[in-house]
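As structure tokens, the structure follows; a few thoughts come after it.
Each reported figure results from applying straightforward, stated rules to the coordinates on display, with no laboratory input. Fair warning: this is a prediction, and the values are worked out from it, not measured in the lab. Cβ sites come from the backbone with ideal geometry, for glycine too, and all protein chains shown count toward neighbours.
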Amino acid sequence: MTSAPANPPPHGPRHPGDNGPASRRRTFRHIYPLRVLGMGLGGLLVASVLHQHQTLRDYWVLAVLSFLVWPHLAYLHARHSTNPFRAEIYNLLIDSAMVGLWVPLMHFNLLPSVVLAAVTTYDKFSTGIKRLWLHSLPGMFGTGVLVTLLARPELRLESSLTVIVCTLPLIIVHSLAVSVASYRLIRTVARQNRQLEAMRRTDAQTGLAARSHWQEQASDSLERYHASGEPACLLMIDIDHFKSINDLHGHTVGDEVIRAVGQVIRDCVRAHDHAGRYGGDEFAVVCGDTRAPEAHAIAERIRDGIAGLRLRELPGLRLTSSIGLAETRRSQLSLRDWINDADAALYRAKDQGRNQVAGPSAPAQPQPV
């Protein structure tokens, strides 16, 4: 009867808010105030039933121990345990066993018995711990059967108005607590989904768009061209002799070159362009609503920026790039056709000496290194 969801599980899929072992060790701290509140409201409900049946004086000591003392004992049990999380699982099972204890002592009064059993079982679901609710049932029913055999209570299903009124706080508070926890979970999941989407759209090494994302933008640009005639250009960028850089200076320097080139591309494109990583040392830029001459100017800025790069670790290293440019055409029926045209222009730039931009609107002119 903790009246609200507990923390995430220790095993299986990670849940929002689960930060691993450290988070699990703190579970009992999060449950403690909820158990105090839930047990307090549960104790009020049980006391009202005992008062209705005029048995409060017979069980008041047991009620105090169950609803007022037990939450603090459970906290101390988990706090001083070598495995606080496992100790808290035992505490949750004891919570269920206590409900099994009190149901027959309340003469199976229908409303409070159902509410206490439902709330306690729901709490086991809300922890996210696999099959905890199932493991709690034997203790609940076993204790109930044992107490029934020992006490042989008379069956009294009716609830007085006082009992009904005392049931409402537990139902209301538990519902509010569950709603707040669900709202927080939804907000957490939504935030994490946004973060995952940003990660999916971004190449971690360069900060540019990931391949899947810029290809989506390229497909959209090609569709707009075929639908309305809006032009677009695709730039394919390749670092010249990158394999030699890796072989000569190592992959650490190669990674730094990739990051530096990505930064140059990001600085040279416009806000509405989509620059991304194609793979390895190849990059792509989708220039929407752009004709070849304007795209050629952007490509020259990128080529010039890469040629001016200097690495702190290797200031003597000179970098160059080859860039292929392809404008949208009616013959490009798919994104693959457009990429093939840009690739062909890229290889033309390489064949003609590298460190240049090749495209249909501007002849390739070798640039001095």
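Assorted remarks:
- Taking 16 Å as the straight-line reach from the Cα of residue 350, the lysines in range (excluding those fewer than 8 positions away in the same chain) are 243.
- Peptides 171-184, 274-287 ordered by average Cβ neighbours within 10 Å, highest first: 274-287, 171-184
- Per-residue Karplus couplings for region 220-227, computed as 6.51 cos²θ - 1.76 cosθ + 1.60 with θ equal to phi - 60°, are listed in order as 4, 5, 5, 5, 5, 4, 5, 7 Hz, Gly and Pro entered as x.
- Under-5 Å amide H pairs with residue 209, H placed in peptide plane, nonlocal only: 203, 275, 276, 277
- Stokes-Einstein D (µm²/s) once Rh is taken as the Kirkwood radius of region 21-200 over alpha-carbon pairs, at 4 °C in 1.567 mPa s: 74
- Estimated 222 nm signal from helices in the chain, with DSSP H stretches of n ≥ 4 weighted -39500 (n - 2.57), rounded to 500: -20500 deg cm²/dmol
- Bridgeable aspartates and glutamates around residue 130 (alpha carbons under 18 Å apart, same-chain partners fewer than 8 residues away excluded): 18, 88, 95.
- Rounded Å value of the spacing that divides the Cα centres of region 32-97 and region 148-210: 21
- Residue with peak Gaussian network fluctuation, the chain [Cα springs, cutoff 10 Å], from 246, 91, 355: 246
- Sites residue 110 and residue 182, calculated FRET efficiency, Cβ-Cβ separation with R0 22 Å, nearest 0.05: 0.20
- Per-residue Karplus couplings for region 104-111, computed as 6.51 cos²θ - 1.76 cosθ + 1.60 with θ equal to phi - 60°, are listed in order as x, 5, 8, 6, 6, 3, 4, 4 Hz, Gly and Pro entered as x.
- Stokes-Einstein diffusion coefficient of the chain, Kirkwood radius over Cα pairs, 4 °C, 1.567 mPa s, in µm²/s: 50
- Angle in degrees between helix 335-351 and the longest Cα principal axis of the chain, rounded to the nearest 10: 50
- Protection proxy ranking for 132-138, 192-198, 250-256, using the average of other Cβ atoms within 10 Å per residue and placing the highest first: 132-138, 250-256, 192-198.
- ³J(HN,Hα), Karplus 6.51/-1.76/1.60, whole Hz, each residue of region 327-334, x for Gly, Pro: 8, 4, 9, 5, 6, 7, 8, 9
- Cα pair distances exceeding 21 angstrom across region 112-253, given as percent: 73
- Axis of helix 292-307 versus longest Cα principal axis of the chain: the two differ by about 80°, to the nearest ten degrees.
- Here 357, 119 are placed in order of increasing Cβ neighbour count within 10 Å, fewest first, which gives 119, 357.
- Unpartnered cysteines - no second Cys beta carbon under 4.7 Å - across the chain: 166, 268
- Rounded tilt (10° steps) of 132-151 against the dominant C-alpha axis of the chain: 0
- Pairs of Cα atoms farther than 19 Å apart, region 211-358, %: 49
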